[in-house]
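A.B. asks: My structure is below; once you've seen it, I'll send some questions.
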Amino acid sequence: MTSYLIRNAQILGGPAQDVLIADGVIQQIGADLVADAEVEIDATGLIALPGLVDLHTHLREPGREDAETVLTGTQAAAMGGYTAVHAMANTFPVADTAGVVEQVWRLGKESGYCDVQPVGAVTVGLEGKKLAELGAMHESAAGVRVFSDDGKCVDDAVIMRRALEYVKAFDGVVAQHAQEPRLTEGAQMNEGRVSGELGLGGWPAVAEEAIIARDVLLAAHVGSRLHVCHVSTAGSVEIIRWAKAKGWNVTAEVTPHHLLLTDELVRSYDPAYKVNPPLRTAEDVQALRKALADGTIDAVATDHAPHPAEDKDCEWAVAAMGMVGLETALSVVQQAMVDTGLLNWEAVADRMSHRPARIGRLTGQGRPVSVGEPANLVLFDPAYRGTVNPESFATRSRNTPYKGLDLPGRVHATFLRGRATVLAGALVEPGEPA
Amino acid sequence: MRHLVSAADLSRDDALLILDTAEELAQLSGRAVKKLPTLRGRTVVNLFFEDSTRTKTSFEVAEKRLSADVINFAAKGSSVSKGESLKDTALTLQAMGADAVVIRHHASGAPARLAQSDWLHGSVINAGDGTHEHPTQALLDAFTMRRHLNPGLGNDLAGRRITIVGDVLHSRVARSNVLLLNTLGAEVTFVAPPTLLPIGIENWPCEVSYDLDATLAKTDALMMLRVQRERMNAAFFPTEREYSRRYGMHGGRLAKLPEHAIVMHPGPMVRGMEITAEVADSPRCTAVEQVANGVSIRMAVLYLLLGGATASDTNSTNTSEAAK
Ligand SMILES: [Zn+2]
């Protein structure tokens, strides 16, 4: 295995040091290391962060390989600085059996770009009616710990209660897509001033908040772990803050796009901005940023949702919901959180690596950048300025809301257990000499 | 101006130019030969994804009176559930050399998307999109109001009080009207049960009332909106009878309006529930007149978008040429 000597990297934004990587492990950290390494990287001006962990990725395989495959999705993840992603269960077939989660897990292993941890469906076919074989998925080679019907809300209170109770047996967590279905019938964007003017069906904040309120109470009642997916409103933040103050075992994530974009953008009727949950107001964005900064929201999760052009190059009403996000996440977080002074890079590592790994119970990921640890690392250049060009993406889809936008920062290199998956901003093929 | 997608696209000068042009073109309908050669050789496509005999006929008459080549493209029945259909249809029309596309679509924003896309190079005229807008309807309503309340070329509706009653939430007519009427200086009041008013209406340039009777005495034009019967099943209001009692227009309410006030309806009217026959057939109800005015307005819009002059050329355009 290739050994690397990284010169002058700022570790977690601290002072510049050298890092020696060999045999998949961080061997030495210090100033002016004297070591024999096959590859030396000048990391002057670059920040070293632990490899990022995404709790919420849609890899689309099996079933929608025209949008993404495990291979292209993990390549995009590596390009974004990720070393582990949780693959959501809403594939075709749905990942609701041991067989499907194992298939996804194996495809991830074969890709070699990024660890793929499958998320198991909570209910059979995501239908919300009957619990899937949660235990079998946990016992499979994939070792599933996170269960979600993402894309759909587990809206039946009894099913949700049972799922929360059942996964306690193997320290699982239910990740809820909070969307009250009746209140969001025909919903196409955030309900508010803009939806009223555009005549688009409104997705009210209360449809998210009501489910979160119910679920934190259920989780407290049965003493289980709840994770709230893609929190998008100021009211949701308040409920989570209250639940945490009670000492309940509730965690939450926010997407990069909900930290940066507002529903005003929908005035263009450009389906690039169509996403679920929808883009909210500037006040919501401010509340989400504050909650991520103070730790009420635990993690940034991409909700990377690739769609082929034909599902987006159409009128708003029929366009698919979702946006790609793996390759832009760290830049958006820098813009929304770091450059605004709300988070330092250590906190970014906490919200994008340590905490998501802990929520997913990934033992080998989200580790500190220190000697003896697995060498899962990203070298990031925060001084870089560039225009987002979707044509250069590794993901198979191009549905980004940032096209043509200037975003700060760029991933220079990513290491997965000591192997470079990205070097000088370009993918490195497994087995290719670096 | 190349497209007419929203009433917000129109400045006061644009709007008055359209109204004045329509006034001149209206004289044409009284003649034996009702045709002008203005759009000879130009192709106008009526692209209707949603049934609307009235609007489609109105546009078609307007197009034919201006001698345009008219293509009716009914997309109804084709698979519109798949997103490609609008784009593919647009590419087809582009290949056929459409100079203008008059589009009616069940989805809000479809005309805006068409106007912004590179699928089509001709002008896009919104003939009603979902619950968003219907700008030519707003123009014909304003035209009708001006004729009754402040007749004369160049006149606007400054200070006139317009009350719009009914299902504002689902009404593209209401959205376009509030924008245009504001541009023309009128004061708009919406009257509806709270369930049929959109969230955020407090930011709109209008007043809101839940009480029809309280607004009647200070109304110059009362515009009734259609209420679809299926709204009742979705619990927007309890029963037709209750709706009709609180928000329906009847003879008693007609008597409370000022003498000069008119009652407008975009049609088709649901007699009984939202308007009684007594009001609908009264000489103060302009529903039929609105239909005639619709043709003049649509001729004016097509003429100004396609006939060489553009609305942004403002008042300097010699519109009398149109009426030669
Ligand atoms: Zn979701």
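The values are calculated or read from the model by the stated rules, or taken from the named source; none is laboratory data. What you are looking at is a predicted structure, and each value in this text was computed from that prediction instead of being measured. When we count neighbours, we look across all protein chains shown, and the Cβ atoms used for this are built from the backbone with ideal geometry, even at glycine. The accessibility values were calculated without ligands, DNA or RNA, using every heavy atom of the protein model including side chains. Shrake-Rupley method; radii C 1.70, N 1.55, O 1.52, S 1.80 Å.
A.B. asks: Set the Förster radius R0 to 22 Å, insert the Cβ-Cβ distance between A:LYS168 and A:THR363 as r into 1/(1 + (r/R0)^6), and round the FRET efficiency to 0.05.
C.D. replies: Between A:LYS168 and A:THR363 the formula returns 0.70.
A.B. asks: Whenever you get a sec, compute what percent of the accessible area on region A:391-434 sits on carbon and sulfur atoms (1.4 Å probe).
C.D. replies: Using a 1.4 Å probe with all protein chains present, region A:391-434 comes out at 49 percent carbon and sulfur.
A.B. asks: Mind pulling the per residue volume of the convex hull built on the Cα atoms of region B:1-103? Å³ is fine.
C.D. replies: So the per-residue hull volume is 122 Å³.
A.B. asks: As an exercise, use a Förster radius of 41 Å and the Cβ-Cβ distance of A:VAL371 and A:GLU139 to find the FRET efficiency, rounded to the nearest 0.05.
C.D. replies: With R0 = 41 Å, the Cβ-Cβ based efficiency is 0.75.
A.B. asks: Another question, then. Using a Gaussian network model on chain B with a 10 Å cutoff between Cα atoms, which of B:SER123, B:SER171, B:SER67 fluctuates the most?
C.D. replies: Top of the fluctuation ranking is B:SER67.
A.B. asks: Related question: Using 7 Å Cα-to-Cβ label points, what is the A:VAL39/B:ALA255 separation (nm, one decimal)?
C.D. replies: Going from the A:VAL39 label point to the B:ALA255 one covers 9.1 nm.
A.B. asks: Points 7 angstrom from Cα along the Cβ direction at B:VAL291 and A:ASN249: gap in nanometres?
C.D. replies: Placing both labels 7 Å beyond Cα along the Cβ direction yields 7.0 nm.
A.B. asks: With springs only between Cα atoms under 10 Å, which of B:GLU274, B:GLU242, B:GLU63 fluctuates most in a Gaussian network model of chain B?
C.D. replies: Between B:GLU274, B:GLU242, B:GLU63, it is B:GLU242 that shows the largest mean-square fluctuation.
A.B. asks: Can you give the convex hull volume per residue for the Cα atoms of chain B, as a whole number of Å³?
C.D. replies: Enclosed volume per residue, from the Cα hull, is 132 Å³.
A.B. asks: Ok, one more. Take every residue in peptide A:368-380, count the Cβ atoms of other chains within 10 Å of its Cβ, and give the average of those counts.
C.D. replies: What the average comes to for A:368-380 is 0.
A.B. asks: Loop-only GluC sites (Glu not before Pro) in region A:1-97, please: DSSP not H, G, I, E or B, and at most 12 other Cβ atoms within 10 Å.
C.D. replies: Answer in residue order: A:GLU38.
A.B. asks: Which distance in nm do the two modelled labels at B:VAL33 and B:THR57 give, with both placed 7 Å along the Cα-to-Cβ direction?
C.D. replies: 2.7 nm
A.B. asks: With both bridge residues required to lie in the protein assembly as shown, what share of the DSSP beta bridges run antiparallel, to the nearest 5%?
C.D. replies: Just about 30 percent of them are antiparallel.
A.B. asks: For region A:4-13, just list the computed ³J(HN,Hα) in residue order, Karplus coefficients 6.51, -1.76 and 1.60, θ = phi - 60°, integers in Hz, with x standing in for Gly and Pro.
C.D. replies: 10, 10, 8, 9, 6, 8, 7, 7, 6, x
A.B. asks: Between A:ARG106 and A:GLU346, what is the FRET efficiency for a Förster distance of 56 Å, r being their Cβ-Cβ separation, to the nearest 0.05?
C.D. replies: 0.95
A.B. asks: On average, how much accessible surface per residue is there in region A:262-396, in Å², for a 1.4 Å probe, leaving out ligands, DNA and RNA?
C.D. replies: With all protein chains present, region A:262-396 gives 33 Å² per residue.
A.B. asks: Any chance you could list P(r) for the protein assembly as shown, counting all Cα-Cα pairs in 20 angstrom bins from zero, rounded to whole %?
C.D. replies: Percent of Cα pairs in each bin: 16, 40, 29, 14, 1, 0.
A.B. asks: For region B:1-42 and region A:386-427, compute the distance between their C-alpha centroids and round to whole Å.
C.D. replies: Centre-to-centre distance over Cα atoms comes out at 51 Å.
A.B. asks: So what's the gap between the Cα centers of region B:234-254 and region A:309-331, to the nearest angstrom?
C.D. replies: Cα centroid to Cα centroid, the span is 43 Å.
A.B. asks: Rounded to a whole number of µm²/s, how large is the Stokes-Einstein D of region B:136-286 at 20 °C and 1.002 mPa s, given Rh as the Kirkwood radius over C-alpha pairs?
C.D. replies: This corresponds to a translational diffusion coefficient of 139 µm²/s.
A.B. asks: For region B:136-286, what does the accessible surface come to per residue with a 1.4 Å probe? Please give it in Å².
C.D. replies: 39 Å²
A.B. asks: Going through the cross-link list A:LYS152/A:LYS246; A:LYS130/A:LYS403; A:LYS109/A:LYS168, which pairs have a Cα-Cα distance over 32 Å in this structure?
C.D. replies: Listed pairs above 32 Å: A:LYS130/A:LYS403.
A.B. asks: Compute the acute angle (0 to 90°) between the alpha-carbon long axis of helix A:205-222 and the principal axis of greatest extent of the alpha-carbon atoms of chain A; round to the nearest 10°.
C.D. replies: Computed tilt is about 80 degrees.
A.B. asks: Can you tell me which of B:178-186, B:193-201, A:101-109, A:348-356 comes out highest on packing, and rank the rest after it, using the mean Cβ neighbours within 10 Å?
C.D. replies: Averaged packing, sorted descending, gives the order A:348-356, B:178-186, A:101-109, B:193-201.
A.B. asks: Now for a separate question. Could you give the Stokes-Einstein D for region A:1-151 in µm² per second, using the C-alpha Kirkwood radius, 37 °C, 0.692 mPa s?
C.D. replies: Estimated diffusion coefficient is 193 µm²/s.
A.B. asks: Residue separation times 0.36 nm, minus the C-alpha to C-alpha distance between B:ARG2 and B:ALA158: what's the value?
C.D. replies: Full-extension gain reported as 53.4 nm.
A.B. asks: Once you've got the GNM for chain B with C-alpha springs shorter than 10 Å, pick whichever of B:HIS106, B:HIS260, B:HIS148 has the biggest mean-square fluctuation.
C.D. replies: Result for chain B, Cα springs under 10 Å: B:HIS260 fluctuates most.
A.B. asks: A follow-up question, please. Per residue of region A:146-151, what does 6.51 cos²θ - 1.76 cosθ + 1.60 with θ = phi - 60° give for ³J(HN,Hα)? Whole Hz please, x for Gly and Pro, Karplus curve as stated.
C.D. replies: Running phi through 6.51 cos²θ - 1.76 cosθ + 1.60 with θ = phi - 60° gives 10, 10, 7, 9, 2, x Hz.
A.B. asks: Only protein chains counted, 1.4 angstrom probe. Which residues of region A:180-226 are at least 10 Å² less accessible in the assembly than when their chain is isolated?
C.D. replies: A:GLU191, A:GLY192, A:ARG193, A:GLY196, A:GLU197, A:LEU198, A:GLY199, A:LEU200
A.B. asks: Over 10 Å intervals from 0, what percent of Cα-Cα pairs in region B:43-202 sits in each interval?
C.D. replies: All Cα pairs, binned at 10 Å, distribute as 10, 34, 32, 20, 4 percent.
A.B. asks: Using the Kirkwood radius over C-alpha pairs as Rh, can you work out the diffusion coefficient of region A:5-59 via Stokes-Einstein at 4 °C, viscosity 1.567 mPa s, in µm² per second?
C.D. replies: Approximately 106 µm²/s, per Stokes-Einstein.
A.B. asks: Compute accessible area for region B:111-153 by itself and then with all protein chains, 1.4 Å probe, and report residues whose area falls by 10 Å² or more.
C.D. replies: B:ALA112, B:ARG113, B:GLN116, B:TRP119, B:THR131, B:HIS132
A.B. asks: What order, most packed first, do the peptides A:418-424, A:321-327, B:68-74, B:250-256 have when packing is the mean number of other Cβ atoms within 10 Å of each residue?
C.D. replies: A:321-327, A:418-424, B:68-74, B:250-256
A.B. asks: Check each residue of region A:299-317 and keep those whose accessible area, probe 1.4 Å, is at least 50 Å² smaller with all protein chains in place than in the chain alone; give them in order of residue number.
C.D. replies: A:ASP313, A:GLU315
A.B. asks: Ok, one more. For region B:144-236, what does the relative contact order come out to in percent, with C-alpha contacts under 8 Å and a separation of six or more?
C.D. replies: About 34 percent, as a whole number.
A.B. asks: Quick one: with all protein chains in place, what share of the accessible area of chain B is carbon or sulfur, to the nearest percent (1.4 Å probe)?
C.D. replies: Carbon and sulfur together cover 50 percent of it.
A.B. asks: What share of all Cα pairs of chain A, in percent, falls into each consecutive 10 Å distance bin?
C.D. replies: With a bin width of 10 Å, the distribution comes to 5, 23, 33, 26, 10, 2, 0.
A.B. asks: Carbon and sulfur: what percent of region A:71-218's accessible surface (1.4 Å probe)?
C.D. replies: Using a 1.4 Å probe with all protein chains present, region A:71-218 comes out at 52 percent carbon and sulfur.
A.B. asks: Can you tell me the Rg and Dmax of region B:114-162, counting just the alpha carbons, in angstroms?
C.D. replies: Rg, Dmax (Cα atoms, Å): 15.1, 42.
A.B. asks: Please report, in cubic angstrom per residue, the volume enclosed by the convex hull of the alpha-carbon atoms of region B:151-236.
C.D. replies: 97 Å³
A.B. asks: Give the B-A buried accessible area in Å², both sides summed, 1.4 Å probe, nearest 100.
C.D. replies: Heavy-atom accessible area buried at this interface is about 1700 Å².
A.B. asks: For region A:89-202, what Kirkwood radius comes out of the mean inverse Cα-Cα distance, in Å?
C.D. replies: It is 15.2 Å.
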